[in-house]
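Shown next, in structure tokens, is the structure this report addresses.
The values are calculated or read from the model by the stated rules, or taken from the named source; none is laboratory data. What you are looking at is a predicted structure, and each value in this text was computed from that prediction instead of being measured. Neighbour counts run over all protein chains shown; Cβ positions are idealised from the backbone, glycine included.
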């Protein structure tokens, strides 16, 4: 099985972390994985993104022109990536920052108020993990426990105090998908 994902948002919203967590979790499970970040002017407030491919077979290219799935955290990302999602694919939208409905009838759209949920649990900075939790629960590219294990490896030293908040954000995204 192959999972293709573009994560996109403003620089600083944690889109690169989302991709890294998925790629490392896939590797932990013995799967093939690529993580392809897009830097450049995006680091100055534009739309930053990364592409992730997870597969049971060798991956021929890390570059996605028509990804199966996109997670968008803001309006510029919505405008850029919503049209690129392959028919039959999935679009996860942070409705806290994107109030524009998709006109696509050929993809599944999951509307998640990620920033609001993140604020409820203590910090808007974990909105990315709310969306990641929803993605992992919905499509199951990796086991949820693998994401948590990799998160624990990322959150060491001074960052360790933020681990409970990050795990709660993942859990909230997961629960949102389970309820719907």
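Among 82, 57, which is the only one that is farther than 25 Å from residue 163 by Cβ, outside any strand (DSSP E or B) and in contact (Cβ under 8 Å) with a residue 40 or more places away in the chain?
Every option except 57 fails the conditions.
What's the number of the only condition in (1) over 25 Å from residue 143 (Cβ atoms); (2) crowded, with 17+ Cβ neighbours inside 10 Å; (3) modelled with pLDDT of 95 or more that residue 76 fails to meet?
(3)
Select from the range 10-36 the residues that are in contact with a helix residue (DSSP H, G or I) (Cβ under 6 Å, 6 or more places away or on another chain) and at pLDDT 95 or above and write down the one among them that is farthest from residue 143 (Cα to Cα).
Looking at residues that are in contact with a helix residue (DSSP H, G or I) (Cβ under 6 Å, 6 or more places away or on another chain) and at pLDDT 95 or above, I get 35.
Among the residues of the range 60-79, what is the count of those that are touching a strand residue (DSSP E or B) at 6+ places or on another chain (Cβ under 7 Å) and either on the phi > 0 side of the Ramachandran plot or outside any helix (DSSP H, G or I) (or both)?
Qualifying residue count for the region: 11.
Within the range 52-66, how many residues turn out to be surrounded by fewer than 23 Cβ atoms within 10 Å (Cβ to Cβ) and under 20 Å from residue 17 (Cβ atoms)?
As a first pass, look at the range 52-66 and keep what is surrounded by fewer than 23 Cβ atoms within 10 Å (Cβ to Cβ): 55-66.
This time we only want the ones that are under 20 Å from residue 17 (Cβ atoms), so: 62, 64.
Total satisfying the criteria: 2.
What is the one condition in (1) more than 13 Å from the chain's Cα centre (by Cα); (2) under 19 Å from residue 126 (Cβ atoms); (3) in a strand (DSSP E or B) that residue 33 does not satisfy?
(2)
Test residue 83 against the stated conditions and say whether it is under 20 Å from residue 177 (Cα atoms) and surrounded by fewer than 15 Cβ atoms within 10 Å (Cβ to Cβ). Lay out the reasoning, then the answer.
Working: under 20 Å from residue 177 (Cα atoms): no; surrounded by fewer than 15 Cβ atoms within 10 Å (Cβ to Cβ): yes.
Spelling it out, it is not the case that residue 83 is under 20 Å from residue 177 (Cα atoms) and surrounded by fewer than 15 Cβ atoms within 10 Å (Cβ to Cβ).
Table: residues versus (1) part of a helix (DSSP H, G or I); (2) touching a helix residue (DSSP H, G or I) at 6+ places or on another chain (Cβ under 9 Å); (3) buried (at least 19 other Cβ atoms within 10 Å of the Cβ).
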{"position": "106", "(1), (2), (3)": "no, no, no"}
{"position": "111", "(1), (2), (3)": "no, no, no"}
{"position": "118", "(1), (2), (3)": "yes, yes, yes"}
{"position": "125", "(1), (2), (3)": "yes, yes, no"}
{"position": "128", "(1), (2), (3)": "yes, yes, yes"}
{"position": "138", "(1), (2), (3)": "yes, yes, yes"}
{"position": "149", "(1), (2), (3)": "yes, yes, no"}
{"position": "174", "(1), (2), (3)": "yes, yes, yes"}
